[in-house]
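This report concerns only the one structure given below.
The values are calculated or read from the model by the stated rules, or taken from the named source; none is laboratory data. Computed from a predicted structure; not experimentally measured. Cβ coordinates were reconstructed from backbone atoms using ideal geometry, including for glycine residues, and neighbour counts include every protein chain displayed. Surface accessibility is based on the protein's heavy atoms, side chains included, excluding ligands, DNA and RNA. Shrake-Rupley method; radii C 1.70, N 1.55, O 1.52, S 1.80 Å.
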Amino acid sequence: MHHMTLAEIARGLADKKFSSVELTQTLLARIAQLDPQINSFISLTQDLALSQAKAADERRANGESGALLGAPIAHKDLFCTQGIRTSCGSKMLDNFKAPYDATVVAKLAAAGAVTLGKTNMDEFAMGSANESSWYGAVKNPWNLEHVPGGSSGGSAAAVAARLLPAATATDTGGSIRQPAAFTNLTGLKPTYGRVSRWGMIAYASSLDQGGPLARTAEDCAILLQGMAGFDPNDSTSIDEPVPDYSAGLNGSLQGLRIGVPKEYFSAGLDPRIAELIHNSIKELEKLGAVIKQISLPNMQHAIPAYYVIAPAEASSNLSRFDGVRFGYRCENPENLEDLYKRSRGEGFGSEVQRRIMVGAYALSAGYYDAYYLKAQKIRRLVKNDFMSAFNEVDIILGPTTPNPAWKLGAKSSDPVAAYLEDVYTITANLAGLPGLSMPAGFVDGLPVGVQLLAPYFQEGRLLNVAHQYQLNTDWHTRTPTGF
């Protein structure tokens, strides 16, 4: 059962080939057996999962149906879950049990999804390797000496290792798409505002967006259907109708205009990845797509702009973690200043501290105009480049990452080298656009992803293209050895 996709599970449950309880028990046993190798979970919720599975079976027995009814998933550990630890991968929140469910958690639970646990992640979603978690690094199932990507590496590794069929994740600068590329999954970052951020612990509020990680575009469509929608509790949520994503998967790609930015194929791209991307382009041409070279001239400025804006917002968001109301508190503080300093110094890891300091500096008097304001102007230029490009093409295609997954610890002493790995993904976050990564082949036995970007609220178009591609390729069906 562990090799089944969400879509296959839905059909199996509908046909009474197995029950949700049986499936849940099988996967919980598999997690207990295999997860010590990859460290993809922070918390397991066996009792909750079994009670939700039993309730789902009863709902089906009473005539209810639904693609997610009885389907096992897991949540990235920054989605608040009532009465369950929500740690954000940090010592700071190791003792925090959320008093409510995030909107995403509540919506999926209402649809009948079964929560197996909370997945490991880079601390406060800050990282591209899942090495900054206070609970230890997550390992890539394709090669246990390599990183799974971040910050949603726990969700990605768990799905790639067939511990469960799908998981929620979040993407601030590529944290769904990059782990998807590194672990041979399909990952979708929706349009900013498509999925509620209420109850999702914030890193950078104008960039963060929740989305699905799964093995296929079909599964991503099912999970996104359950996650998406307007939420009055979230001031950044957009009241836009949610289409039937599954119904749109089978549209023809005949005449689809695909733009390939010339800036993507620079000296920084591994030539072996470039070859796989060109192979993907040829596959889509066979399906009727029309390829056109385009330009995104301000892409070169995206990384410096992002690494001013994101830390600036982080420094503001993380100021609430002060040792006073919730979370970690230092022992025997001498006064309020000592409480603040030691609680944060002991509770936050080095990468989080680094980004808070950078962000506070960028927002400080005398530097706001020079750094933060200028970065926001670059953000507008990046968005304008995309708007201009989408006047000519329907989607944009390129590599998800410039390199395959690197070895654990290889970039730990050089944070900037890790930041540069986000070069192809962060532009979608700066512009608020939807983006998808899908499997495109392997380099040295490690997976490679191809990225698709679309205009606002065109997630369905991305899923359609990815699904048609996956009907004609088998990269997404490959399984890591031992799992």
- Spin-label point model (7 Å from Cα, Cβ direction): what's the residue 316 to residue 270 distance in nm? 3.7 nm
- Between segment 33-101 and segment 406-483, how many Å separate their Cα centres? 25 Å
- Note on the structure: The answer for the net charge of residues other than residue 227 whose Cβ lies under 10 angstrom from its Cβ, with Lys and Arg +1 and Asp and Glu -1, is +2
- Task: Assuming 1.567 mPa s and 4 °C, estimate D for segment 74-195 with Stokes-Einstein, Rh taken as the Kirkwood radius over Cα pairs, in µm²/s.
- Result: 92 µm²/s
- Give a residue-ordered list of calculated ³J(HN,Hα) values for segment 215-227 (Karplus: 6.51 cos²θ - 1.76 cosθ + 1.60, θ = phi - 60°; whole Hz; x for Gly, Pro). 7, 10, 5, 4, 5, 4, 4, 5, 5, 4, 4, x, 8
- Note on the structure: Residues meeting the amide H criterion for residue 186 (H placed from the backbone, H to H distance under 5 Å, 5 or more places apart or on another chain) are 214, 215, 216
- Message: Run the paramagnetic zone check for residue 283: 7 angstrom along Cα to Cβ, then residues of segment 375-417 with backbone nitrogen under 16 Å.
- Response: 397-401
- Item | Compactness of segment 50-146, expressed as Rg and Dmax over alpha-carbon positions, Å | 15.7, 48
- Rank-order 122-132, 218-228, 328-338, 243-253 by packing density, defined as the average count of other C-beta atoms within 10 Å over each peptide's residues, highest first. 122-132, 218-228, 243-253, 328-338
- Peptides 147-154, 374-381 ordered by average Cβ neighbours within 10 Å, highest first: 147-154, 374-381
- Return the distance in nm (one decimal) between the two label points of a simple spin-label model at residue 338 and residue 326, each offset 7 Å from Cα along Cα→Cβ. 2.8 nm
- Item | Built amide H within the under 5 Å cut-off of residue 394, gap 5+ | 257, 258, 259
- Query: How fast does the chain diffuse by Stokes-Einstein, in µm²/s, taking the Kirkwood radius from C-alpha pairs at 4 °C and 1.567 mPa s?
  - Reply: 58 µm²/s
- Solvent-accessible ranking of 282, 292, largest area first, probe 1.4 Å: 282, 292
- Query: Tell me, what is the FRET efficiency for residue 414 and residue 25 to the nearest 0.05, using R0 = 51 angstrom and their Cβ-Cβ distance as r?
  - Reply: 0.70
- Query: If packing is taken as the mean number of other Cβ atoms within 10 Å per residue, what is the order of 363-372, 427-436, highest first?
  - Reply: 427-436, 363-372
- Between segment 124-191 and segment 287-365, what is the C-alpha centre distance in whole Å? 20 Å
- Query: Dipole size in debye (nearest 20) for the chain around its Cα centre, Lys and Arg Cβ +1, Asp and Glu Cβ -1?
  - Reply: 160 debye
- Using θ = phi - 60° and the Karplus form 6.51 cos²θ - 1.76 cosθ + 1.60, what ³J(HN,Hα) does each residue of segment 339-348 get, whole Hz, x for Gly and Pro? 4, 4, 4, 6, 4, 6, x, 8, x, 9
- Expected vector for segment 122-129, Karplus 3J(HN,Hα) from phi with 6.51, -1.76, 1.60 and θ = phi - 60°, integer Hz, x for Gly and Pro, equals 4, 4, 6, 6, 9, x, 10, 9
